[in-house]
Structure formats: structure tokens, C-alpha cells
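The values are calculated or read from the model by the stated rules, or taken from the named source; none is laboratory data. Remember, predicted model here, so these are calculated numbers, not experimental data. Here the Cβ positions follow ideal geometry from the backbone for every residue, glycine too, while neighbour counts run over all protein chains shown.
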Amino acid sequence: MNFFEEVYEAVKAIPEGKVATYGQIARLLGSPRSSRAVGYALHVNPQPVVIPCHRVVNRFGELAPAFAFGGREVQAELLAKEGVECDENFTVDLAKYQWDEK
């Protein structure tokens, strides 16, 4: 399995109603310095419905300004449908919504 496939499998494990950070996914895969590569993998996500890339945010809980499938407004809508609230700055409260993968 290549790195992108590993990213996609890890992201599929994020439960509905939770988010993870790019760095969190990178650490899960044993590549803690690869958060940008995680972001790129998600930007070219071949199956946006199957691989829930909308559940991944940056280390501050901010949504992606160039969310690959319609901008951060669309990402916020997808998260809201799952019960994840964003503030007016398109930021998620990580203390409340971050996935504890353990």
C-alpha cells in the first residue's frame, strides 16, 4: 500500500461527528513530518464520498480555504450535517470534536 492509500484508509476511520488534523493522520501513519503530504493526498482524493476528507482540518481546527470539493463553505456544510459546528471563522473546536484514535 502506498502513502496515499494509507492516508485514505486512516481518514476512513475518522467517525462521523469527529475531525482529525493533517498532523494527526501523519503521526498515525508513522510519518509525523508528512502533514503536507497528507493534505495533498486529500486534495486529490479519488473518492470524496467514500473517503471523508471533509473531516480533516489543520492543527488549529481551521477548515481548508481551498477545500478540493467546493471551498470551506462546503466543508462546513458537510461537517454540520454530521453534528460538527464551525464558528464564523470556519474553525472547529478541537477540544470538543477531535477524534481520539486510541
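General observations
- Test: residue in segment 55-73 that is modelled with pLDDT of 95 or more, within 14 Å of residue 15 (Cβ to Cβ), out of contact with any Asp or Glu (no Cβ under 6 Å at 6 or more places or on another chain) and part of a helix (DSSP H, G or I): yes
- Per the listing 89, 2, the residue uniquely in contact with a strand residue (DSSP E or B) (Cβ under 9 Å, 6 or more places away or on another chain), free of Cβ contacts under 8 Å to residues at least 60 places away in the same chain, among the polar types (S, T, N, Q) and more than 16 Å from residue 101 (Cβ to Cβ) is 89.
- Listed conditions (1) at pLDDT 95 or above; (2) touching a strand residue (DSSP E or B) at 6+ places or on another chain (Cβ under 8 Å); (3) not in a helix (DSSP H, G or I) are all met by residue 31, apart from (2).
- If the condition is being surrounded by 15 or more Cβ atoms within 10 Å (Cβ to Cβ) and either within 11 Å of the chain's Cα centre (by Cα) or in a loop (DSSP other than H, G, I, E, B) (or both), then segment 1-12 contributes 7, 8, 10, 11.
- Some residue of segment 90-97 being under 11 Å from the mean Cα position of the chain (by Cα), buried (at least 19 other Cβ atoms within 10 Å of the Cβ) and part of a helix (DSSP H, G or I): no
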